[in-house]
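The values are calculated or read from the model by the stated rules, or taken from the named source; none is laboratory data. Because the structure is a prediction, the values reported are computed rather than measured. Please note: Cβ atoms are built from the backbone with ideal geometry, for glycine as well, and neighbour counts cover all protein chains shown.
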Amino acid sequence: MRDAFVSPTVPSLTDLPQGAVVGSSSLRRRAQLALRRPDLKLVEFRGNVQTRMKKLEDGVAHATFLAMAGLNRLRMASMARGPIAVEEMLPAVAQGAIGIERRSADERTAGLLAAIHDGPTGLRLAAERAFLERLDGSCETPIAGLAVIEGDTLWLRGELLRPDGSASVAGEVRGPVADGPGLGRALADELLGRAGPGFFG
């Protein structure tokens, strides 16, 4: 679920020189970078993995970010300098998870999917998605969230950011795993209350 730092010349995020150019089309990543490193120049970066790597080789940017899970699935993890710690860059809600949609009354398909459903991941995502839903999140709202299960406890962290990276509101909540959706809504309410109306602009 972590973000991956990708660069042909720079070893890590902390090694990016002053004023370096970073390519990303993710509003969340751009806001997080602008907040933590306002000196960086952020440019739009679109296309598949190969297209983005070619842009890096051509010098369009010093670095970019991709989902580590996606690189692993493509067997291209070696392209990344390494995953970024979630303490440094909290990932997007449900990043790395694969969802399959089915008709609600299709019990046969439900049975087939049950064989590949990962229970703990489902519990984590229930909390993360409830958090995002309460925030009315979309691709136009820079929101990060990550739930982790520790024994019988679910730990949910969340972050709201202004699109320009000028401010952020972050928090966390812990509680019983079974209460995941309620924890997600509670954290969303807390952060919205602290952010105030019009936070996203």
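Here are a few things to note about the model shown:
- The residues of the range 164-201 that are of a type outside the set (D, E, K, R), under 24 Å from MET89 (Cβ atoms) and part of a strand (DSSP E or B), listed by number, are SER168, VAL169, ALA170, GLY171, VAL173.
- Filter pass, ASP136 being assigned to a loop (DSSP other than H, G, I, E, B) and at positive phi: yes
- Taking each residue of the range 181-199 that is more than 18 Å from ARG124 (Cα to Cα) and looking for partners that are loosely packed, with under 13 Cβ neighbours inside 10 Å and among the small types (Gly, Ala, Ser) with beta-carbon atoms closer than 9 Å, six or more apart or interchain, yields ALA195/ALA167; PHE199/ALA167.
- Residue in the range 83-104 that is more than 17 Å from the chain's Cα centre (by Cα) and under 30 Å from GLY19 (Cα atoms) present: no
- The criterion of being touching a strand residue (DSSP E or B) at 6+ places or on another chain (Cβ under 7 Å), among the charged types (D, E, K, R), within 26 Å of ALA4 (Cβ to Cβ) and surrounded by 15 or more Cβ atoms within 10 Å (Cβ to Cβ) does not hold for ARG129.
- Considering residues of the range 38-80 that are surrounded by fewer than 17 Cβ atoms within 10 Å (Cβ to Cβ) and within 19 Å of PRO11 (Cβ to Cβ) only, the residue nearest to the chain's Cα centre (by Cα): ALA77
- Some residue of the range 93-108 being crowded, with 19+ Cβ neighbours inside 10 Å and either at pLDDT below 95 or outside any loop (DSSP other than H, G, I, E, B) (or both): yes
- Residues of the range 10-29 satisfying the condition of being part of a loop (DSSP other than H, G, I, E, B) and touching a helix residue (DSSP H, G or I) at 6+ places or on another chain (Cβ under 8 Å): SER24
- Matching residues in the range 40-92 - criterion: being part of a loop (DSSP other than H, G, I, E, B) and among the small types (Gly, Ala, Ser): GLY47, GLY59, ALA61, ALA80, ALA85, ALA92
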